[in-house]
Every structure is written in C-alpha cells, then in structure tokens.
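S.K.: Please find one structure pasted underneath; my questions will follow.
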Amino acid sequence: MLTNYAKRGYVEQARNLFDIMPHRNIVTYNAMLSAYLQSGMTHQAKQFFHDMPERNVVSWTAMLSGYADLGWIDDARKVFDEMPERNVVSWNSMVVGLIRNGDLEEARKVFDDTPDKNVVSWNAMIEGYVENGRMDEVKDLFDQMECRNVITWTSMISGYCRVGDVNEAFRLFQIMPEKNVVSWTAMIGGFAWNGFYQEALLLFLDMMTLSDAKPNSETFLSLVYACAGMEFPCLGKQLHAQMIVNRWKLDDFDGRFGRSLVRMYSVCGLMDSARSVFKDDLKNCDDQSFNSMINGYVQVGQLDKAQELFDMVPIRNKIAWTCMISGYLSAGQVLKACNLFDDMPDSDKDSIAWTSMIYGYVQNELIAEAINLFAQMMAQGASPINSTYAVLFGAVGSVAYLDLGRQLHAMQLKTIYEYEYDVYLENSLISMYAKCGEIEDAYRIFSNMTCRDKISWNSMIMGLSDHGRANEALNMYETMLEFGVYPDVVTFLGVLTACAHAGLVDKGCELFSVMLNDYALQPGLEHYVSIINLLGRAGRVKDAEEFVLRLPVEPNHTIWGALIGVCGLSKTDADIARRAATRLLELDPLNAPGHVTLCNIYAANDRHLEETCLRREMRMKGVRKAPGCSWILVKGRVHAFLSGDRLDPQAEEMLLQS
C-alpha cells in the first residue's frame, strides 16, 4: 500500500502510513525515500536518507538518480563516490545523469570504468552520443557490443536519421533481427522528417502487411507530415479519421496532433479543414500553427483571411512577417508589401526577409527598385545569401545590364565566405551572362560546374540558340543525352529555336517528332510557333499554314500572329497572310502588329487599294503600333530610343563612351 501511495503521488498519506507501521525494513524505507524523490521533495528525501537506520545499494542509487534528475550533478557525483558498494544500476544511473546534464566526456569515463556492463549500459552511452549527433562514437560502441537488443538497433536508426544519413539508417533497419512498433516508427519518421515522404508512406504499408506491429500516435504524426509533403489530402483525411477513432486526439496534451493537422491541411490548400482544426484547438496553437494557417491562406490567394490571422498573432515572428510580405508581392500589391516591410522590426529583417522583398520587386518588374533595396540591405548590415544573388542575377539578365551583373558576381564571390555549392545560383549566372550577350562567360561557368541539373543544360542550350550558334546548341543537346539527362519541353524549345535560326528544317522536324513520339511530351504554343518560324524562314509558308490547320488545338492569336509574321518575311504570300489576318482579327480586332504586317505585304505586292482600306480601318479603330524601343547604359544611366526618334544630340558621345 505504501508503494501504491508513492506511485500515485500521495506523499503525505504514504508518510502517515509509514509512521504507523509497527515493523519497518529496508524495503519500506526505500519505498518512502522513492516517494519523496518522485514527488520532487528532494530536501525531505535528503533528510530522510540521512535518518535511515540502514542503507543499501538501492537507497544510494535512488538518491543519486534523484539529484541527477534535478540537475544537481555535483551532489549526485558525491553520492556516487561515497557509495559503499555499487551495482550495474548505480553505474548506469551515474552515466545517464551525466549525459542528461551535458557532461558527455565524463559520462564516457564512468562508462569505461563500469566493471560489469549490461545492455542497458551500452544503450545509455549510445543514446547519449546519438542525442549529440556524434555518430562516429556511436558506431564504434555499436561494433563493440556483443549483445544488442531492439532498443540498441532503434537508437542507431534514430541517430543516423537525425544527422540525415537515411541510407545507413535504412540499411540497419533492414538487417535488424527484431523490429517493434518503435523501430518501424523511427524509420518512418526518419524518412518523413528528411523529406523522403513517399518512402515513409510505403514503409508504413510494409509495416501493416509484413509485421504484427500496430501503429501508435507517433507513427501517425510522422505519416501526417509525410502526407503534407506529398500533398495527399485524401490520405491525410483518412489519418485524421484514424486519430479520432483511436481517441489519440483526446490525449493531445501538448498540441502536436493539432499542429500537424493544421500544417497538413494548409499545405494541401484545404483551408476550411485547417481552420476547423485550428479553432477547435486554439489554446494549443503556437506560432507554428499561425504560420501554417497564414501561409496556407497566402498560397490559395485569400490574403484578407491571412491578414486577419496575422493581426491575431500574439507575438509576430519573422516567418509570419515574411509570409505576408511575399503574399502581397505575389498578388501584385506592392504598396501593401512595402508598408509591411517598413513596419517589420529591424531585428526580424534577416537575409530571407530582404531576399523575399527583392524577389517580389523582380516579380513585379521593378528592377531598379530591387537593386536599390539590395543596396539598402547591404547598408543595414544584412548578409546576402545565395538566393539573394540568384534573384538579382535573373533581374540583371532580364534588362541585359552586364556591368552590374559583373559587379554582383564579384561581390558574390567575396561575400559568400563559406562556399556551399548551389546549382541554382550557378544556373542563374549562366542565364544572366547568356542574356547579356556574354555566351563565352556563360559556357565557362557551365564547364566548371561540379554538378549540373536539367536547368543547367537547358540554360546553356537556350543561350547558344539565342546567339545563333545552332550547331553548338545541337551538340550540347546530344551531350546532354549522353550524360543520361532526359530532355523536357524547355530543352526542345531551345533546339527547335536553334534550328529555326539556322534554317535546319529537316533536323527541326525530326526533333519535333522525337519530342512527340520518343518522349511523349506535350508541345506548348511556343513549340508550335517555333515550327511555324522554322518553316516560314525557309520559305515554306504554305507548309506552315498547313501545319497550323492540322494542329490538335484551336489556334489562338499567338499562332495566327506567328503565321502572319513569316508571311511578312517574303512579302509575297499575300493570300496566306490575308487568311491568317482574318482569323487573327476575329480573335483580337485591335491587334496592331497583325494590321501593320498585312499592310506591308499588300504594299510589297502593289495591292495599294487594299493597303489604303486597311490603314483607314486602322485609323477608325484607333489601332496604333507601339514603336520599337532600344536602350543603352552609359555610366549607370539608361538612355532609351524609340523608333522614329530624332538622334539625341549626345548620341555620338554616348556611343564613344560605351
């Protein structure tokens, strides 16, 4: 009865019972001592321990563990050193106490001095190293163990998953002789938390079909996370139902179930379901839950509801601020984003927040503002990250500002001190230099890359194609295939454009066929336009018209505009141009380029009456072609020229300076 009182925390009743006991022995004394220690009444336990008529190894070990649990590691060590005798439990308690209090080196010394280690001793030391990510020491201990149990194997799996070595963890999982639900859950969670969502779900299916282990609440938490990563809302709803059926939601004292469900529904865009869970568990909702909800509303475009939640956040963190700013920028509401960014505390304006703002400016084609904001970022002492430079390289490439691009590249090499290879950054450099006309610099970066992805190859192929280097673009395509990289629609757009520039009609048609038949890729409008240009530039305008008429989709104004454009190359295909213009103007009656091109074709074929009628019709409709525009950068200043402009008085000087 004394032990039952102690276990239930009824210390006063336990002491009253102890005091009236007619006969006491070492067992009853130890039970009373444990009652004090388990209830955190350490001072009473200490006094009781000193008053005990006799003590055994259990008494000493109980005091040692009690001190260690409170963090009084010096007192625990003193008790350990004064113990008249020690057993393996005493040694293990000292090791665990030192580990929990952060003294791993001293714990290892005590472990090494332990005379008769058991599997618990080894597991305690392994778990200590696992908690600190020291997997080399863990492996050494694991290899030395003569007898391992399921806890040992599971600790190893958890340790490797924590440091991201999922392959080694799964190798051990496959060869471990015995598995329980904790082992399965550790591996499922390891896959899920490291981003291997599909593997986590498949392993769960293996667990259900190949073992007798029954999933527990921890298993389902990992599965919910995996469903969010895979964006599988249907499976996520089934897991939610299982939680309710198994009544795990009732035991969600720390709110982990609620937070995981809010995150899953938000990621999947099911904001009504997310809101329902969020409202039902509002008392357990933390910053993470608010961030998930705000991000979910931003992703589905419901900025008003995102703002409503943002205003409810007790203490706004940098994630919430950055999410709202990015949402407004993505929606084109630049002013609101700027106001939020200005209101954001300076302490929260980290590199990610600055980069998000710069990216938003670039998204909204505010290139000058993006560059100015980068200058402010540097002035404020925020360190740019690779993503910052990647965004800026893209912005510079879009306006072909080579001088600034070179400056930023040099700055990136100087400011990113701890170099971590970033293929996204390298790809943005390739694209920038190619768009700025420096294809050799782009190729140099491409050649020096230690790792290339499909975007790397596509950027180089498109760059060579845009520079009229068709043969090199096609050779790059062949090399890409030799490296085992499968082409995508962007790849084929690059090689088709190259063929159009070089007049390689047969090769272009062959590649278009390969795209359709060998790789089963669905062409987009831009691919159809490339084929029209390919045929038209080779003088095969009739074939181009037949190609348009055979398209599996209804041609839109882009397709008809491309056909009119190739008609204008020869100025002789007036009938085809007229038919194309008729279809184009049905779709877009105010299309200026179509009107002008058809006028030029009529004029070239001496069909002046039709030309005059068409120009009169343009005037009546108010159709005016936007004048062509070009610009030049001189000493950081942009000088723009429109078609028909008078020559700038400083033009000769600018050309000399450039």
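The values are calculated or read from the model by the stated rules, or taken from the named source; none is laboratory data. What you are looking at is a predicted structure, and each value in this text was computed from that prediction instead of being measured. Note that each Cβ is placed from the backbone with ideal geometry, even for glycine, and that neighbours are counted across all protein chains shown.
S.K.: Given the criterion at pLDDT below 90 and closer than 29 Å to Ala337 by Cα, identify the matching residue among Asp304, Asp280, Asp252, Asp286.
M.R.: Sole residue among the options that is at pLDDT below 90 and closer than 29 Å to Ala337 by Cα: Asp286.
S.K.: Here is a further query. Taking Leu64, is it surrounded by 15 or more Cβ atoms within 10 Å (Cβ to Cβ), touching a helix residue (DSSP H, G or I) at 6+ places or on another chain (Cβ under 8 Å) and within 27 Å of Glu127 (Cα to Cα)? Write out each step before concluding.
M.R.: Details: surrounded by 15 or more Cβ atoms within 10 Å (Cβ to Cβ): yes; touching a helix residue (DSSP H, G or I) at 6+ places or on another chain (Cβ under 8 Å): yes; within 27 Å of Glu127 (Cα to Cα): yes.
The answer is yes for Leu64.
For (1) part of a helix (DSSP H, G or I); (2) under 20 Å from the mean Cα position of the chain (by Cα); (3) under 29 Å from Val300 (Cβ atoms), each residue gets a yes or a no:
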site	(1), (2), (3)
Met187	yes, no, no
Gly195	no, yes, yes
Glu199	yes, yes, yes
Leu205	yes, no, no
Ser222	yes, yes, yes
His240	yes, no, yes
Ile244	yes, no, yes
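S.K.: Which one is modelled with the highest pLDDT, of the residues in the stretch 613-632 that are farther than 19 Å from Arg578 by Cβ and of a type outside the set (A, V, I, L, M)?
M.R.: Selected residue: Arg619.
S.K.: Kindly list the number of the only condition in (1) under 30 Å from Gly301 (Cα atoms); (2) modelled with pLDDT under 90; (3) surrounded by fewer than 21 Cβ atoms within 10 Å (Cβ to Cβ) that fails for Gly258.
M.R.: (3)
S.K.: Looking at (1) in a loop (DSSP other than H, G, I, E, B); (2) in contact with a Ser or Thr (Cβ under 9 Å, 6 or more places away or on another chain); (3) free of Cβ contacts under 8 Å to residues at least 24 places away in the same chain, find the lone condition where Asp212 falls short.
M.R.: (2)
S.K.: Identify all residues within the stretch 491-507 that are buried (at least 18 other Cβ atoms within 10 Å of the Cβ) and either under 28 Å from the mean Cα position of the chain (by Cα) or small (Gly, Ala, Ser) (or both); write none if there are none.
M.R.: Those that are buried (at least 18 other Cβ atoms within 10 Å of the Cβ) and either under 28 Å from the mean Cα position of the chain (by Cα) or small (Gly, Ala, Ser) (or both): Thr491, Phe492, Leu493, Gly494, Ala498, Ala500, Ala502.
S.K.: Exactly one of these conditions fails for Pro487: (1) assigned to a helix (DSSP H, G or I); (2) farther than 20 Å from Asn386 by Cα; (3) not β-branched (Val, Ile, Thr). Give me its number.
M.R.: Status for Pro487: all satisfied but (1).
S.K.: Cβ contacts < 6 Å: first residue in contact (Cβ under 8 Å) with a residue 12 or more places away in the chain, restricted to the stretch 181-194; second residue of a type in the set (Asp, Glu), any location; separation 6+ or different chain. Result?
M.R.: Final answer for the pair search is Thr185/Glu218; Phe191/Glu199.
S.K.: Test of understanding: among Gly332, Gly269, which residue is farther than 20 Å from His240 by Cβ and outside any helix (DSSP H, G or I)? Full working, then the answer.
M.R.: Numbers: Gly269 fails: farther than 20 Å from His240 by Cβ.
That would be Gly332, the only listed residue that is farther than 20 Å from His240 by Cβ and outside any helix (DSSP H, G or I).
S.K.: Sticking with this one: Mind checking whether some residue in the stretch 64-74 is farther than 18 Å from Leu172 by Cα and aromatic (Phe, Trp, Tyr)?
M.R.: yes
S.K.: May I pose another question? Looking for something over 29 Å from the mean Cα position of the chain (by Cα) and of a type in the set (Asp, Glu) - is there at least one such residue anywhere in the stretch 153-173?
M.R.: Checked against the condition, which is being over 29 Å from the mean Cα position of the chain (by Cα) and of a type in the set (Asp, Glu), the stretch 153-173 yields no hits at all.
S.K.: So which of Val138, Val166 ends up being β-branched (Val, Ile, Thr) and in contact (Cβ under 8 Å) with a residue 24 or more places away in the chain?
M.R.: Details: Val138 fails: in contact (Cβ under 8 Å) with a residue 24 or more places away in the chain.
So the residue among Val138, Val166 that is β-branched (Val, Ile, Thr) and in contact (Cβ under 8 Å) with a residue 24 or more places away in the chain is Val166.
S.K.: Taking the stated definitions as given, is Tyr5 at pLDDT below 75 and under 57 Å from the mean Cα position of the chain (by Cα)?
M.R.: yes
To keep it simple, each residue is scored yes or no on (1) buried (at least 19 other Cβ atoms within 10 Å of the Cβ); (2) under 17 Å from Glu510 (Cβ atoms); (3) modelled with pLDDT of 90 or more; (4) in the same structural domain as Leu587 (by TED's automatic domain parsing).
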residue: Ser530; (1), (2), (3), (4): yes, yes, yes, yes
residue: Asn533; (1), (2), (3), (4): yes, yes, yes, yes
residue: Asp543; (1), (2), (3), (4): no, yes, yes, yes
residue: Phe547; (1), (2), (3), (4): yes, yes, yes, yes
residue: Arg550; (1), (2), (3), (4): no, no, yes, yes
residue: His557; (1), (2), (3), (4): no, no, no, yes
residue: Ala562; (1), (2), (3), (4): yes, no, no, yes
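S.K.: To continue, here is another question. Across the stretch 264-290, what is the number of residues that are in contact (Cβ under 8 Å) with a residue 24 or more places away in the chain, surrounded by fewer than 23 Cβ atoms within 10 Å (Cβ to Cβ) and closer than 22 Å to Lys237 by Cβ?
M.R.: Number of matching residues: 10.
S.K.: I've got another one for you. Restricting attention to the stretch 510-524, does a residue exist that is among the polar types (S, T, N, Q), buried (at least 19 other Cβ atoms within 10 Å of the Cβ) and at negative phi?
M.R.: no
S.K.: Now for a different question. Tell me the residue from Tyr424, Tyr419, Tyr401 that is in contact with a strand residue (DSSP E or B) (Cβ under 8 Å, 6 or more places away or on another chain), of a type outside the set (S, T, N, Q), modelled with pLDDT under 95 and on the phi < 0 side of the Ramachandran plot, please.
M.R.: Result: Tyr401 is the single residue among Tyr424, Tyr419, Tyr401 that is in contact with a strand residue (DSSP E or B) (Cβ under 8 Å, 6 or more places away or on another chain), of a type outside the set (S, T, N, Q), modelled with pLDDT under 95 and on the phi < 0 side of the Ramachandran plot.
S.K.: Residues of the stretch 125-145 being exposed (fewer than 15 other Cβ atoms within 10 Å of the Cβ) and among the β-branched types (Val, Ile, Thr), which ones?
M.R.: Matches in the stretch 125-145: none.
S.K.: For the stretch 587-608, give me each residue that is within 46 Å of the chain's Cα centre (by Cα) and either modelled with pLDDT of 80 or more or of a type in the set (Gly, Ala, Ser) (or both). Break it down stepwise before answering.
M.R.: Narrowing the stretch 587-608 to residues within 46 Å of the chain's Cα centre (by Cα): 587-594.
Within the stretch 587-608, Leu587, Ala592, Gly594 meet the criteria.
S.K.: Within the stretch 518-528, can one find any residue that is among the polar types (S, T, N, Q), part of a loop (DSSP other than H, G, I, E, B) and in contact (Cβ under 8 Å) with a residue 12 or more places away in the chain?
M.R.: So far as the stretch 518-528 goes, yes, one or more of its residues are among the polar types (S, T, N, Q), part of a loop (DSSP other than H, G, I, E, B) and in contact (Cβ under 8 Å) with a residue 12 or more places away in the chain.
S.K.: Against the definition (over 20 Å from Pro215 (Cβ atoms) and buried (at least 21 other Cβ atoms within 10 Å of the Cβ)), how does Trp122 come out, yes or no?
M.R.: So Trp122 passes the test.
S.K.: Residues of the stretch 89-119 being buried (at least 16 other Cβ atoms within 10 Å of the Cβ), of a type in the set (Gly, Ala, Ser) and farther than 18 Å from Ser155 by Cβ, which ones?
M.R.: Within the stretch 89-119, Ser90, Ser93, Gly97 meet the criteria.
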